[in-house]
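To start, the structure itself, in structure tokens.
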Amino acid sequence: MTDLSWAQVSARRLARHGLSARTSPESPPGAEGVADVVSAMCGAHAQVASAAELSIGLRVPGATRALVRQALWTDRTLVKTRGPRGTVHLLAAADLPMWIGALTAIPPPSWEQSRHLLTPEQTGQVLAAMGDALAEAELTTAELTEEIVARTGPWAGERVMEAFQDLWPRWMAAMATASRAGVICFGPTRGRAITYTSPTRWLPGFAPMAGHAALTDLARRYLFAYGPATPAQFAKWLAAPVRWATSLFDSIDLAEVTVEGAQAWVAANDTDFPTDPPSGLRLLPYFDAYAVGCHPRERLYPGVAAERALARGQAGNFPVLLVDGVVSGVWHQRRSGRAIHVTVEPLQALDPGRRRELEDEVDRVGQILEGRAALTIGTVSVGPHA
């Protein structure tokens with residue numbers, strides 16, 4: 001059995017996430033290149049839109065937030081929907097059949113409000129009404145509520161769903177189910193209002209993959225980006241039962257390895273690892289896929305990094321300074337017009353070479369976000385993102 005060092009694992013993950021040594025593009029990046037990167041990282045968390053744009057831009061040499069927006073809203077090579085863990089993600093549109101096939105095959109979480117607020121028959125009615133209303137439209141929540149109520153009945157509009165110290169219409173309890181089923185995705189914002197539309201506008205003729213085939217494909221992609229990994233780590237990434245994930249791993253052709261003695265798995269045809277150590281410095285934004293998806297946490301967030309950069313053990317709530325593949329600090333940005341004030345709190349002293357790398361990275365953050373970034377090294381006083 002192959003025994004790997006953490007350095008080998010870290011170096012491979014950095015390379016596959018596009019976070020290794022940066023190179024200048026030979027030609028301007030395009031929307032297809034953006035989609036390829038998002039596909040390779042198994043989606044970009046997009047609850048914070050600017051964080052998703054930065055997360056992707058850091059992995060595409062020469063990219064800016066404008067290119068990410070072009071891929072999403074103009075070229076439609078990205079789609080904004082709910083992905084792993086039911087959280088808002090940007091996914092490669094070409095991968096949507098796999099994602100929907102896989103997400104509908106995962107055991108649904110017991111805490112979903114649709115189980116308590118809607119009967120199975122009502123859920124089916126809401127999904128059908130959504131699909132009809134959104135086929136050729138981009139609707140706000142209020143507009144979609146009106147359309148669903150008109151197609152189902154007043155019960156769908158009853159404000160009974162508790163959310164953020166407010167009450168939402170009953171039909172919204174089916175939102176997670178609708179997203180998993182590929183009935184609904186996000187449209188472009190209208191002013192400050194969120195809109196929803198149909199994924200078929202991104203992929204005409206869209207049809208989900210069969211469940212087990214989709215899950216097999218997704219597991220292999222996950223292991224490509226985040227492996228070696230265990231079924232428990234895959235289950236955590238998806239918010240799925242560990243026993244279910246173990247059964248899925250048992251059904252796939254995988255190779256067992258150890259990482260400094262700890263058991264893990266990779267795809268059977270993907271057992272090559274680099275010999276060069278991980279290197280480079282990166283500023284990863286909120287909920288960056290690398291910071292959230294890589295395990296074990298004690299390796300990625302060693303020592304004091306776990307205390308400073310995790311929120312009750314949860315990753316992603318702080319933007320992190322990544323040095324040679326491990327979390328080595330936190331950071332925060334504050335924007336005023338085109339000026340972007342970046343404060344970085346390293347957890348150890350930076351020598352002159354690292355300081356230059358950090359200054360270059362801050363410049364890159366400014367370029368991606370289409371502003372002028374300035375660096376301050378000091379304490380980050382902002383708490384974790386919810």
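If you check L54, L72, L90, L78 for being at pLDDT 95 or above and out of contact with any Lys or Arg (no Cβ under 8 Å at 6 or more places or on another chain), only one passes: L78. Quick check on R282: is it out of contact with any helix residue (DSSP H, G or I) (no Cβ under 6 Å at 6 or more places or on another chain), among the charged types (D, E, K, R) and in a helix (DSSP H, G or I)? Considered against the rule, which asks whether it is out of contact with any helix residue (DSSP H, G or I) (no Cβ under 6 Å at 6 or more places or on another chain), among the charged types (D, E, K, R) and in a helix (DSSP H, G or I), R282 comes out as no.
It is to be established whether one or more residues within the range 129-146 are within 26 Å of A240 (Cβ to Cβ) and either in a loop (DSSP other than H, G, I, E, B) or assigned by TED's automatic domain parsing to the domain that holds A94 (or both). Looking through the range 129-146, at least one residue is within 26 Å of A240 (Cβ to Cβ) and either in a loop (DSSP other than H, G, I, E, B) or assigned by TED's automatic domain parsing to the domain that holds A94 (or both). The residues listed here are D276, D250; of these, the one that is surrounded by fewer than 15 Cβ atoms within 10 Å (Cβ to Cβ) and either farther than 29 Å from A21 by Cβ or hydroxyl-bearing (S, T, Y) (or both) is D250.
Yes/no per residue for (1) touching a helix residue (DSSP H, G or I) at 6+ places or on another chain (Cβ under 7 Å); (2) surrounded by fewer than 22 Cβ atoms within 10 Å (Cβ to Cβ):
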site: E138; (1), (2): no, yes
site: A150; (1), (2): no, yes
site: G157; (1), (2): yes, yes
site: A173; (1), (2): yes, no
site: R201; (1), (2): no, yes
site: H212; (1), (2): no, yes
site: L218; (1), (2): yes, no
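Within the range 134-150, not a single residue is farther than 25 Å from G191 by Cβ, touching a residue at least 12 places away in the same chain (Cβ under 8 Å) and more than 27 Å from the chain's Cα centre (by Cα). Can you confirm whether the range 180-190 contains a residue that is surrounded by fewer than 16 Cβ atoms within 10 Å (Cβ to Cβ) and under 22 Å from the mean Cα position of the chain (by Cα)? Yes, that holds for at least one residue. Applying the criterion of at least 2 residues that are modelled with pLDDT of 95 or more and in the same structural domain as P109 (by TED's automatic domain parsing) to the strands (runs of 3 or more DSSP E) found wholly in the range 174-279 leaves 185-190, 193-197. Within the range 315-359, the only residue that satisfies the criterion of being touching a Pro at 6+ places or on another chain (Cβ under 9 Å), in contact (Cβ under 8 Å) with a residue 60 or more places away in the chain and in a strand (DSSP E or B) is V326.
The values are calculated or read from the model by the stated rules, or taken from the named source; none is laboratory data. Just so it is clear, the structure is predicted and the values come from calculations on it, not from any experiment. Please note: Cβ atoms are built from the backbone with ideal geometry, for glycine as well, and neighbour counts cover all protein chains shown.
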